[in-house]
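Okay, structure first, notes after.
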Amino acid sequence: MRFLTSNTNKKTCPRIFSEMVSVQDTALPSLNSKIARIYFANISSIVSHTITIQAPALDCQVYIPHLSSLTSFMDATLDSLLDLVEFDKENMEEYEHRFSGKLITFNNPEAAKSFSDQLPVDVIVGKKTHHFHLGPPQ
């Protein structure tokens with residue numbers, strides 16, 4: 001790697017720098033140009049037509065906290081817990097990581113209630129048995 005201390009590099013660096021600046025300047029249209037006005041009009045119409053997503057109801061969610069007996073609450077551990085609890089898999093919408101626990105969202109409150117009624121449950125992870133229970137709503 002050559003440093004910019006040689007005479008040839010000193011002579012060509014201003015030219016290279018000025019070429020880079022001119023390329024950057026031409027990449028964006030000036031603010032007064034017609035293209036810039038059309039671009040910003042398109043952006044503003046996209047922003048004004050944003051999709052609004054309704055948050056799920058709290059009675060459709062179940063929070064399972066991270067147990068202190070576990071080193072980490074992995075997805076495989078959640079799979080083991082879900083295998084032990086009987087519920088219709090079609091009613092489970094999603095789960096997400098929250099405060100090192102898992103927040104499970106169901107499609108309807110009845111599915112969430114039938115799931116939570118079966119807790120606490122014991123899950124064997126490795127050679128240890130862990131006692132999973134419901135946590136406070138998050």
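The values are calculated or read from the model by the stated rules, or taken from the named source; none is laboratory data. This is a predicted model, so every value here is computed, not measured. Quick reminder, even Gly has a Cβ in these numbers, built from the backbone with ideal geometry, and neighbours come from all protein chains shown.
Assorted remarks:
- Residue check for ILE16: in a helix (DSSP H, G or I), at pLDDT below 55 and over 33 Å from the mean Cα position of the chain (by Cα): yes
- Within the stretch 99-125, the only residue that satisfies the criterion of being among the basic types (Lys, Arg) and in contact with a Pro (Cβ under 9 Å, 6 or more places away or on another chain) is LYS102.
- Residues (out of contact with any Lys or Arg (no Cβ under 9 Å at 6 or more places or on another chain), of a type outside the set (Asp, Glu) and surrounded by fewer than 15 Cβ atoms within 10 Å (Cβ to Cβ)) located in the stretch 57-79: ALA57, LEU58, SER68, THR71, SER72, MET74, ALA76
- Restricted to the stretch 91-138, the set of strands (runs of 3 or more DSSP E) holding at least 2 residues that are within 27 Å of the chain's Cα centre (by Cα) and assigned by TED's automatic domain parsing to the domain that holds THR77 comprises 92-98, 101-106.
- Leading residue by the ranking (surrounded by the fewest Cβ atoms within 10 Å (Cβ to Cβ)) among those in the stretch 81-138 that are under 14 Å from GLN61 (Cβ atoms) and among the aliphatic types (A, V, I, L, M): LEU134
- Close pairs from the stretch 91-111: first more than 12 Å from MET74 (Cα to Cα), partner of a type in the set (Asp, Glu) and part of a loop (DSSP other than H, G, I, E, B), Cβ under 9 Å, at least 6 apart: ALA111/ASP88
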